Amino acid sequence: MVANAQAPTLTVADAKVATSTDEWRTVQTCGQWVESAQVLVRRRTLNTEAGFWVATPLKTATDSITVVRGFHANGASSTESPAIEPTPTGQVC
C-alpha cells in the first residue's frame, strides 16, 4: 500500500497493534543501537543485486526492536561478510 507512505507517522507502541492496512506506514522511535547483536541476513536482493540485509536491534526505553538498517552487496563471495559501517553511538531518533 504505497499510499500509506504518505500517512502520518506511527509510534512504535501504535505500530505493535497495526493491521494489514498499516503496511508501509512510517514508524518513529528513539533508542540506542545494540551493535553486538547485529546480524547479516544473507541471500537477499535489491534491484536484482545479491547481498545482505544489516539487521540491528534498537533498545528503546520500553522495548527492543530489530531494524533493517540497510543493504550491502555481496563481496567476492556470498559467504564473505561485507565490511559494515559502525552503528552510531548514543541516543538516536
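The values are calculated or read from the model by the stated rules, or taken from the named source; none is laboratory data. What you see is a predicted model, and the numbers here were worked out from it, not measured in a lab. Glycine gets a Cβ as well: all are built from the backbone with ideal geometry, and neighbour counts include every protein chain shown. Protein only, heavy atoms only, side chains kept; ligands, DNA and RNA dropped before computing areas. Shrake-Rupley method; radii C 1.70, N 1.55, O 1.52, S 1.80 Å.
Hey, if we sort 33, 53, 24 by accessible area with the 1.4 Å probe, largest down, what's the order? Numbers along the way, then the final one.
Working: 33 55, 53 100, 24 170 Å².
The ranking, largest first, comes out as 24, 53, 33.
Let me have the relative contact order for the chain, percent, based on Cα pairs under 8 Å that are six or more residues apart.
Numbers: 150 pairs, mean separation 22.3, N = 93.
Reported as a whole number, the value is 24 percent.
Please name which of 41, 60, 86 has its Cα lying farthest along the dipole of the chain towards the positive end, using unit charges on Cβ (Lys, Arg +1; Asp, Glu -1) and the Cα centre as origin.
41
Which of 36, 20, 77 moves most in a GNM of the chain, Cα contacts under 10 Å?
Greatest mean-square fluctuation among the candidates belongs to 20.
Under 20 Å from the 7 Å Cα→Cβ point of residue 17, by amide nitrogen: which residues of region 59-75?
The answer is 61-65, whose backbone nitrogens lie closer than 20 Å to the label point.
How much of the accessible area of the chain, in percent, comes from carbon and sulfur atoms when a 1.4 Å probe is used?
On the way: 3510 of 6620 Å².
Solvent-exposed carbon and sulfur of the chain make up 53 percent of the total.
Over what distance in Å are the Cα centres of region 2-22 and region 75-91 separated?
Answer, in whole Å: 29.
For a Förster distance of 22 Å, can you work out the FRET efficiency between the beta-carbons of residue 84 and residue 48, rounded to the nearest 0.05?
Working: r = 22 Å, r/R0 = 0.99.
Once the sixth-power term is evaluated, E becomes 0.50.
When the solvent-accessible surface of protein heavy atoms is calculated with a 1.4 angstrom probe, in what order do 34, 27 fall, highest first?
Details: 34 50, 27 70 Å².
Largest accessible area first, the residues go 27, 34.
Where does each of 85, 49 land when they are ordered by accessible area, with a 1.4 Å probe and the largest first? Before the final figure, lay out each step's value.
Details: 85 135, 49 95 Å².
Sorted by accessible area, descending: 85, 49.
Provide the gained length on full extension for the span residue 39 to residue 76, in nm with one decimal, where the gain is 0.36 nm per separating residue minus the Cα-Cα distance. Walk me through the numbers before you get to the answer.
Numbers: separation 37, 0.36 × 37 = 13.32 nm, distance 1.93 nm.
Difference between extended and current length: 11.4 nm.
Once the convex hull of the C-alpha atoms of the chain is built, how many Å³ does it hold per residue, rounded to a whole number? Spell out each step's value before the answer.
Details: hull volume 11.1 nm³, N = 93.
Per residue, the Cα convex hull of the chain comes to 119 Å³.
Do any trypsin sites (Lys or Arg not before Pro) in region 1-59 lie in a DSSP loop with no more than 15 other beta carbon atoms within 10 Å, and if so, which? Intermediate values should be presented prior to the final figure.
Details: sites: 16, 25, 42, 43, 44, 59; in loops: 16, 25.
Qualifying residues, ordered by number: 16.
Once fully extended, how much extra length lies between residue 24 and residue 67, figured as 0.36 nm per residue of separation less the alpha-carbon to alpha-carbon distance?
Values: separation 43, 0.36 × 43 = 15.48 nm, distance 1.41 nm.
Full extension of this stretch gives 14.1 nm more.
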